[in-house]
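> Below you'll find the structure I mean.
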Amino acid sequence: MTLDFNHRPSIAERINAAVDAALEAERAATPPRDYLGASRLGQSCERALQFEFAHAPKDEGQEFSGRSLRIFAIGHALEDLAIKWLRAAGIDLVTRKRDGGQFGFSVAGGRIRGHVDGIVMGAPAATGLRTPALWECKTMNAKNWRETVAKGVTVAKPVYAAQIALYQAYMEATVPGLSTNPALFTAINKDTAELHHELVPFDAELAQRMSDRAVRILRGTHAGELLPRVAQNRDFFECRFCPWAERCWSLPG
Ligand code: SF4
């Protein structure tokens, strides 16, 4: 008998490689955003946002893996379930315009845009919801979900809080009342199926700060100026997970 020391891919490895290749090809064929997404503006590093907006190539090996793409897709599928559940509870949740398009806004000549998960147009009195209210939904693993429940979305997930504030501000013209009524934030625990809901009052100061930041990024990019780093050294937490870290730290200043 001859021993074969070469690893033969298992059925799981072979199928997963095919799935990942298909997802990665689909992603590669999707044109990149040509606008600043309001959902990203709360990200703490303006330079990273600038790289993203300018489509700076990510460092080697930093493109989204098939697994990351599956995580995003599962999140979207779970959000669709949350819509069904809230509607079953008697909440009038509108997620599409009459023409089927998503609700959203586009400002600064289309260079800043956002798409909202939904708008609560009516709700049973027992829920205590004031309507119309912006609805934002996220899926999280158990650890992040527990932290969000314990601290509230504003403290636990400031990027989401920034997104909510911006959406409330920019959607007010389309749906009057969205910035006077608190938004409804829903978080789904992917591990346990628990649901968290919380009201998020409009934070005008946060919306203004994020809007000013968007303008800085657009101006800086237009003028070819690199915005400042979030950190003084590369060991900083955000930098360790940044897909442009090589690029960023190889540039002067
Ligand atoms: S490496 Fe750090 S400072 Fe540079 S863009 Fe990324 S997060 Fe910002």
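The values are calculated or read from the model by the stated rules, or taken from the named source; none is laboratory data. As the structure is a prediction and not an experimental result, all values here were calculated from the model. Cβ coordinates were reconstructed from backbone atoms using ideal geometry, including for glycine residues, and neighbour counts include every protein chain displayed.
> Right, Gln50: within 16 Å of the ligand (Cβ to nearest atom) and assigned to a helix (DSSP H, G or I) or not?
It is true that Gln50 is within 16 Å of the ligand (Cβ to nearest atom) and assigned to a helix (DSSP H, G or I).
Every residue, every condition in (1) more than 16 Å from the ligand (Cβ to nearest atom); (2) within 17 Å of the chain's Cα centre (by Cα); (3) closer than 30 Å to Leu206 by Cα, yes or no:
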| position | (1), (2), (3) |
| --- | --- |
| Ser39 | yes, yes, yes |
| Gln62 | no, no, no |
| Ala73 | yes, yes, yes |
| Val94 | yes, no, yes |
| Arg98 | yes, no, no |
| His115 | yes, yes, yes |
| Ala123 | yes, no, yes |
| Leu129 | yes, no, yes |
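> Okay, next question. Enumerate the pairs (first residue in the stretch 5-21 and surrounded by 11 or more Cβ atoms within 10 Å (Cβ to Cβ); second residue anywhere and of a type outside the set (A, V, I, L, M, F, W, C)) with beta-carbon separation below 6 Å, excluding pairs fewer than 6 apart on the same chain, so at least 6 apart or on different chains.
Asp20/Gly66
> Looking at Val175, Val153, Val159, which is the one that is in contact with a Gly (Cβ under 6 Å, 6 or more places away or on another chain), β-branched (Val, Ile, Thr) and under 27 Å from Val215 (Cα atoms)?
Val159
> What helices (runs of 4 or more DSSP H) lie completely within the stretch 203-253 and have 2 or more residues being near the ligand (Cβ under 9 Å from one of its atoms)?
237-240, 245-250
> Please note which strands (runs of 3 or more DSSP E) are completely contained in the stretch 90-195 and include at least 2 residues that are in contact (Cβ under 8 Å) with a residue 60 or more places away in the chain.
On the way: elements: 92-94, 104-107, 112-115, 118-122, 133-140, 183-189.
Strands (runs of 3 or more DSSP E) meeting the threshold: 104-107, 112-115, 133-140, 183-189.
> Something else now. Could you count how many residues in the stretch 55-89 are in contact with a Ser or Thr (Cβ under 8 Å, 6 or more places away or on another chain) and surrounded by 14 or more Cβ atoms within 10 Å (Cβ to Cβ)?
6
> If you don't mind, there's one more thing I want to ask. Confirm whether Ala187 is of a type in the set (A, V, I, L, M), away from the ligand (no atom under 16 Å from the Cβ) and either out of contact with any helix residue (DSSP H, G or I) (no Cβ under 6 Å at 6 or more places or on another chain) or modelled with pLDDT of 95 or more (or both).
When the stated conditions are applied, Ala187 passes them.
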